[in-house]
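Enquirer: Could you have a look at this structure, given as structure tokens, before my questions?
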Amino acid sequence: MSDREAATVERVLGRLGRRLVVGLPLGLGKPNPLVNAFYARAKTDPSIELDLVTALSLHPPTARSDVERRFLEPFVHRHFGADYPRLDYVEDLHRRRLPDNIRVTEFYLRSGAFLGNPLVQRRYISSNYTHVARDLVDRGVNVILQLVAEGRMGGETRYSLSSNPDVTLDLADRLARTPGHECLMIGQLHPGLPFMHGDAVVGPEFFDEILPPAAPYRLFAVPREPVSVQDYWVGLNASELVADGGTLQLGIGALSDALVYALLLRQRHNDVYRELLSRRCAAARVPTGTARGPGPLPGPGPLGGREPFDTGLYGASEMFMDGFMHLYRAGILRREVFDDPEIQARANAGRLDETPGLVGSGALMDAAFFLGSGPFYEFLNGLDEDERPRFRMTSVRRINQLYGGSEALEILQRRRARFFNTCMMVDVTGAAVSDGLADHQVVSGVGGQYNFVAMAHAMEDGRSILMLRSTRESAGGVTSNGVTSNVVWEYPHTTIPRHLRDLVVTEYGVADLRGRTDEECIQALLAVTDARFQDELASRARSAGKLARDWVVPDHARGNTPAALAERLVAERGRGLFEDYPFGSDFTEVEQRLVRALQYLKRRTRSRPALLADALRGRPGDFRDEMARMDLARPSGLRERVSARALARALEKTRT
């Protein structure tokens, strides 16, 4: 903690007293050194009541075993930097030792990071992203801490809320309409934070205080994830739903990466793309007719297409992430929007050239927050003076909904919107589980998912698309090999109700549920369910009177198996397509092999006999580079020898 940060804390205490309700931006926008200064001060003085209200508290990964420690410590040092200022309150939450005078309340959690942690689970707020500003004011927020960028515009010093205008702009607006509610806005500069345009640009008067940069540290860069065969097929199936000249919303993660990769394939290697789609099982055509009812309902074709993009896409996304960078570089993210309804209508009609000087001046991307990899931040910082204004950051209230007085314009801009989100499970009538478990343990949060689902239904040509893997590996799974279906009969917790059901995509195809009967929804979802679970689900549906007794799972859907999916990608993977890390990796080649092996080991630890069997069969001498990277080349003692052998067996089993 620097003297400047300590002095700021004392000034705030002197002005507001001992009760501080501090709002912190979601994700990247937290000024970690300043946050740590407030937290440290409250830890040493129990008379201070400190409430930290935030979301997505970013934290470098922490090892849970000796083997994980050997892998993570060198990687974390290299990727995040030895000087990265971890958030002290997150460290204490993981250790479950938060002081009694400090509360941390989050409305969105790092996925799965705090399962079973009562300090976090008890203090989670379930709230739509668009309601967070309201909830913060209701909780008495009196300090907002924000990481900001500094720049010059029109010869004057200006500041950018950069990665996080999302809630901060909504808060500022609500506070301005709440007389007598004092709240200090404090920013801290970071020289590496991109100066973003749009509503994110504010004047010095926006802040009560601006602190200079803390000791240099890197922005938190999310390590890029591997993409599996299962993920790739979800992405391929989803990509056909995207309409040229339309609008795109994406999140972060392997399924979104797979979708972006498929869109790039559609643009750059259209022949390969079309051939792959023709090879997939017929389930992708969404057969939903009953044995005695109408024929198959329309499939996804009319909703999107398979041709390369001519007009291109516009991004209107809660989150701006790496995928949009790749789409921009490929010439897909290029549809321009304008904040004048007349001009936008002309643009939609393809008559933009009637007004000289407009082409090339519109916005290509509007988003509420950004988060991504190191190369993504380099991309944003490298935008030239003509490109930068075309990537706009704004409030979550504007992005995630159609309320606020500009609905007509936003509907014009967001034509043919495809709002993609991911979920964990879906029941057979189309209700989705995205944020929590049966016992109310929170995995992540609602975030903006409900907002986008509702918005899709409010638009004439908009669609909500939920992507999920049809199965997952888990202890105590339904089948003998520990695989569980993510298409379920029922679940006691849902995020998206069934009356807002729309499009659901798995690796086996697309289920179009909008406007369908319960029976038609069940049939459509069974057609994109893993074959191992179809009969049980169909039986339950018949018993409940939701499925005709004489209906049977179509023959084509009986081929919904992981082996069939893998076989369809064999040739392309041999040609260098569909690699594990399609957009580059933050891991070395040796580390990539270790990642696969460690994931295998993690699954094997559920069975102690299986793990011991691996330890007896492993041959560390066959994997000298990997053993050296893990500091197990010369194991010392029984524990290290067992670890080396078990790891060697995992490397052998996951070798590609």
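The values are calculated or read from the model by the stated rules, or taken from the named source; none is laboratory data. Predicted model, so just to flag it, every value in this text is computed and none were measured. No Cβ is skipped: glycine too gets one built from the backbone with ideal geometry, and neighbour counts run over all protein chains shown.
Enquirer: Among the residues of the stretch 206-224, which ones are over 20 Å from Leu161 (Cβ atoms) and either among the small types (Gly, Ala, Ser) or without any contact (Cβ under 8 Å) to a residue 60 or more places away in the chain (or both)?
Expert: Hit for the stretch 206-224 is Ala215, nothing else.
One line per residue, one yes/no per condition, for (1) more than 30 Å from Tyr129 (Cβ to Cβ); (2) charged (D, E, K, R):
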site: Asn32; (1), (2): no, no
site: Glu49; (1), (2): no, yes
site: Leu58; (1), (2): no, no
site: Pro74; (1), (2): yes, no
site: His77; (1), (2): yes, no
site: Asp83; (1), (2): yes, yes
site: Val90; (1), (2): no, no
site: Glu106; (1), (2): no, yes
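Enquirer: Name the single residue that is farthest from the chain's Cα centre (by Cα) among those in the stretch 84-136 being under 28 Å from His181 (Cβ atoms) and acidic (Asp, Glu).
Expert: Asp100
Enquirer: Of all the helices (runs of 4 or more DSSP H) wholly in the stretch 558-656, which have at least 2 residues that are more than 33 Å from the chain's Cα centre (by Cα)?
Expert: Fully inside the stretch 558-656 and qualifying: 608-617, 624-629, 637-653.
Enquirer: Against the condition in contact with a helix residue (DSSP H, G or I) (Cβ under 8 Å, 6 or more places away or on another chain) and either modelled with pLDDT under 95 or hydroxyl-bearing (Ser, Thr, Tyr) (or both), how does Ala63 come out, does it pass?
Expert: Yes: the conditions hold for Ala63.
Enquirer: Mind listing just one residue for me: the one in the stretch 343-361 that is part of a loop (DSSP other than H, G, I, E, B), small (Gly, Ala, Ser) and more than 30 Å from Leu193 (Cα to Cα) and, of those, modelled with the highest pLDDT?
Expert: Ala349
Here is a yes/no grid of residues against (1) under 17 Å from Arg334 (Cα atoms); (2) out of contact with any helix residue (DSSP H, G or I) (no Cβ under 6 Å at 6 or more places or on another chain); (3) in the same structural domain as Pro61 (by TED's automatic domain parsing):
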{"residue": "Arg218", "(1), (2), (3)": "no, yes, no"}
{"residue": "Arg224", "(1), (2), (3)": "no, yes, no"}
{"residue": "Asn237", "(1), (2), (3)": "no, no, no"}
{"residue": "Glu240", "(1), (2), (3)": "no, yes, no"}
{"residue": "Thr247", "(1), (2), (3)": "yes, yes, no"}
{"residue": "Gly251", "(1), (2), (3)": "no, yes, no"}
{"residue": "Ala254", "(1), (2), (3)": "no, no, no"}
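Enquirer: Inspect the stretch 544-556 for any residue being without any contact (Cβ under 8 Å) to a residue 60 or more places away in the chain and either touching a Leu at 6+ places or on another chain (Cβ under 7 Å) or not assigned by TED's automatic domain parsing to the domain that holds Val428 (or both) and give the result as yes or no.
Expert: yes
Enquirer: Considering Arg397, Arg416, Arg392, which residue is on the phi > 0 side of the Ramachandran plot and either touching a residue at least 40 places away in the same chain (Cβ under 8 Å) or in contact with a helix residue (DSSP H, G or I) (Cβ under 6 Å, 6 or more places away or on another chain) (or both)?
Expert: It is Arg416.
Enquirer: Considering only the stretch 1-51, state which residues are in a helix (DSSP H, G or I) and among the charged types (D, E, K, R).
Expert: Asp3, Arg4, Glu5, Glu10, Arg11, Arg15, Arg41, Lys43
Enquirer: Now a separate question. Out of the residues in the stretch 427-450 meeting the condition of being outside any loop (DSSP other than H, G, I, E, B) and in contact with a helix residue (DSSP H, G or I) (Cβ under 9 Å, 6 or more places away or on another chain), tell me which one is farthest from Gly515 (Cα to Cα).
Expert: Ranking the candidates gives Val442 first.
Enquirer: Right, next: Can you name the residue in the stretch 259-281 that is without any contact (Cβ under 8 Å) to a residue 40 or more places away in the chain and surrounded by 22 or more Cβ atoms within 10 Å (Cβ to Cβ) and is also farthest from Thr422 (Cα to Cα) among such residues?
Expert: Ranking the candidates gives Tyr273 first.
Enquirer: Here's another thing I want to ask about it. Quick check, is Pro165 crowded, with 16+ Cβ neighbours inside 10 Å, outside the structural domain of Arg596 (by TED's automatic domain parsing) and within 24 Å of Met325 (Cβ to Cβ)?
Expert: The answer is yes for Pro165.
Enquirer: Continuing with this model, one more query. Scanning for something touching a Leu at 6+ places or on another chain (Cβ under 8 Å), assigned by TED's automatic domain parsing to the domain that holds Gly235 and surrounded by fewer than 22 Cβ atoms within 10 Å (Cβ to Cβ), does the stretch 521-533 turn up at least one residue?
Expert: No: zero hits.
A quick yes/no check of all residues on (1) outside the structural domain of Ala644 (by TED's automatic domain parsing); (2) touching a residue at least 24 places away in the same chain (Cβ under 8 Å); (3) not in a loop (DSSP other than H, G, I, E, B):
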{"site": "Pro74", "(1), (2), (3)": "yes, yes, yes"}
{"site": "His77", "(1), (2), (3)": "yes, no, yes"}
{"site": "Tyr84", "(1), (2), (3)": "yes, yes, no"}
{"site": "Asp92", "(1), (2), (3)": "yes, no, yes"}
{"site": "Asp100", "(1), (2), (3)": "yes, yes, no"}
{"site": "Arg110", "(1), (2), (3)": "yes, yes, no"}
{"site": "Ala113", "(1), (2), (3)": "yes, yes, no"}
{"site": "Gly116", "(1), (2), (3)": "yes, yes, no"}
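Enquirer: Against the definition (without any contact (Cβ under 8 Å) to a residue 12 or more places away in the chain, surrounded by fewer than 24 Cβ atoms within 10 Å (Cβ to Cβ) and assigned by TED's automatic domain parsing to the domain that holds Arg415), how does Gly515 come out, yes or no?
Expert: Against the criterion (without any contact (Cβ under 8 Å) to a residue 12 or more places away in the chain, surrounded by fewer than 24 Cβ atoms within 10 Å (Cβ to Cβ) and assigned by TED's automatic domain parsing to the domain that holds Arg415), Gly515 qualifies.
Enquirer: Can you report the number of residues in the stretch 240-258 which are surrounded by fewer than 24 Cβ atoms within 10 Å (Cβ to Cβ), within 20 Å of Tyr581 (Cβ to Cβ) and not β-branched (Val, Ile, Thr)?
Expert: 3
Enquirer: Further question on the same structure: Quick test of your reading of the structure: Arg174 fulfils all but one of (1) touching a strand residue (DSSP E or B) at 6+ places or on another chain (Cβ under 8 Å); (2) touching a residue at least 40 places away in the same chain (Cβ under 8 Å). Name the failing condition by number.
Expert: (1)
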